[in-house]
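Below: one structure, written as structure tokens.
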Amino acid sequence: MSTARTTIDFDRNGKQVGFLDIPHSPHEDAWGATRIPLAVIRNGSGPTVILQAGNHGDEYEGPITLGELIRDLDPGTVSGRIIFLPAVNISAVLAGRRTSPVDGLNLNRTFPGDPHGSITQQISAYVSSVIMPLGDAYVDLHSGGSSLSILPSAIIEPAQNPDLRRRNVEAVLAFDAPLTVVIDNLGEPRTSTATAVRAGLVTVGTEMGGGGTVSLDALGVCRRGVRNLLAHWGVLAPTSGPITARAENILRIPGHDGYVLAATDGVFEPFHALGSEVRAGQPAGRIHNLADPRREPETLHYAADGIVYGRRQPGRVVVGNCCVAVAARYDGPLA
Ligand code: CA
């Protein structure tokens, strides 16, 4: 049983903007709370859509977009209910870090969470056991974060159930990002979107830009995409403008072969810009040892055909760092 508390009434009509308080008792504050922004807009009849951002604290397009919607949406224009968690891992968001400075955890590797665990585990427990059961659809807005620059894209979380898979694909295409990509995080079950799919929610993810910055392009994609989704589910009136994302253009990260990892410490020199078409076996870049100019750089190679989808942002790398991610054509099931 969670000790979290909110004054938000999820069943009340209109707009409520408040907080979720999770009791937290560090040295500086024996009886205080970690206060997470939470808003609900409800009107008329329609589905419940959960909009979440700030899962990683250094990814900004999602939190900006959700803050705007919370302020701007007139409840009279809504059919159904929207639950907003615009800065769900608030400690990480305030620190501008991927992981929580409180317990060091990556929220998106703690689902379904533990109501008696550390603060990050308590957040995921509340989302999966209190928020998700209220929802019909779930959107988790990510960007590349401090370590990666990623092409703005809408993300399909794989689903075993064919009907849910079809509804996920339809929704992600309705977001209408420049790219649509299937990402299974190597089968990782502890993410928010994997948990939402297991709960039977129609699920949409994103990767908007990255590098720990706010991308003007990605912010535009994110703003339009979230409204497209709400229109797709009938929660807002239809948006104007054609949807151009097509099922035949869906990409996927092809498992381990999609990730080019650093084989030595040093500084990574990439050979290709984001979006470049590349082939398996082709050199992807090389790692320079700046401390010893006698040493030849070590060349890294792609292991899959596809496009350069993401790239490491900082030059410095250590062994095992992801230097490049390749997205290949998706030829798996769509329903
Ligand atoms: Ca992320």
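The values are calculated or read from the model by the stated rules, or taken from the named source; none is laboratory data. If you're wondering where the values come from, they're calculated on a predicted model, not measured in any experiment. Using ideal geometry, Cβ is built from the backbone for each residue, glycine included, and neighbour counts are taken over all protein chains shown. These accessible areas exclude ligands, DNA and RNA; they are computed on the full protein's heavy atoms, side chains included. Shrake-Rupley method; radii C 1.70, N 1.55, O 1.52, S 1.80 Å.
Across region 102-117, the qualifying residues are those that are more than 17 Å from the chain's Cα centre (by Cα) and surrounded by fewer than 19 Cβ atoms within 10 Å (Cβ to Cβ), and the one among them that is nearest to T34 (Cα to Cα) is V102. Each residue in region 224-258 was checked for being among the acidic types (D, E) and open to solvent by less than 60 Å² (accessible area, probe 1.4 Å), and 0 of them qualify.
For (1) surrounded by fewer than 21 Cβ atoms within 10 Å (Cβ to Cβ); (2) within 15 Å of the ligand (Cβ to nearest atom); (3) in the same structural domain as Q16 (by TED's automatic domain parsing); (4) closer than 23 Å to T7 by Cβ, each residue gets a yes or a no:
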{"site": "N43", "(1), (2), (3), (4)": "yes, no, yes, yes"}
{"site": "G46", "(1), (2), (3), (4)": "yes, no, yes, no"}
{"site": "I50", "(1), (2), (3), (4)": "no, no, yes, yes"}
{"site": "H56", "(1), (2), (3), (4)": "no, yes, yes, no"}
{"site": "G67", "(1), (2), (3), (4)": "yes, no, yes, yes"}
{"site": "L73", "(1), (2), (3), (4)": "yes, no, yes, yes"}
{"site": "R81", "(1), (2), (3), (4)": "no, no, yes, yes"}
{"site": "F84", "(1), (2), (3), (4)": "no, no, yes, yes"}
{"site": "V93", "(1), (2), (3), (4)": "no, yes, yes, yes"}
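Out of region 78-126, which residues are in contact (Cβ under 8 Å) with a residue 60 or more places away in the chain, assigned to a helix (DSSP H, G or I) and small (G, A, S)? Scanning region 78-126 gives S124, A125. Taken together, G46, G18, G67, G32 contain a single residue that is in contact (Cβ under 8 Å) with a residue 24 or more places away in the chain and of a type outside the set (V, I, T), which is G46.
Screening the candidates G332, G266 for the property of being over 28 Å from E157 (Cα atoms) and more than 21 Å from the chain's Cα centre (by Cα) yields one hit, G266. Filtered by the rule that a residue be of a type outside the set (S, T, N, Q) and without any contact (Cβ under 8 Å) to a residue 24 or more places away in the chain, region 244-282 gives E248, F271, G281.
Of the strands (runs of 3 or more DSSP E) lying entirely inside region 281-333, those containing at least 2 residues that are open to solvent by 70 Å² or more (accessible area, probe 1.4 Å) span 298-301. Based on what the data block shows, is G62 modelled with pLDDT of 95 or more, under 14 Å from the mean Cα position of the chain (by Cα), within 26 Å of L236 (Cα to Cα) and within 16 Å of the ligand (Cβ to nearest atom)? Yes, satisfied. Would you say V221 is assigned by TED's automatic domain parsing to the domain that holds N161 and either closer than 23 Å to D136 by Cα or surrounded by 22 or more Cβ atoms within 10 Å (Cβ to Cβ) (or both)? In short, yes. Check whether at least one residue in region 268-285 is in contact with a strand residue (DSSP E or B) (Cβ under 6 Å, 6 or more places away or on another chain), under 21 Å from A177 (Cβ atoms) and within 16 Å of the ligand (Cβ to nearest atom), and report yes or no. Within region 268-285, none of the residues are in contact with a strand residue (DSSP E or B) (Cβ under 6 Å, 6 or more places away or on another chain), under 21 Å from A177 (Cβ atoms) and within 16 Å of the ligand (Cβ to nearest atom).
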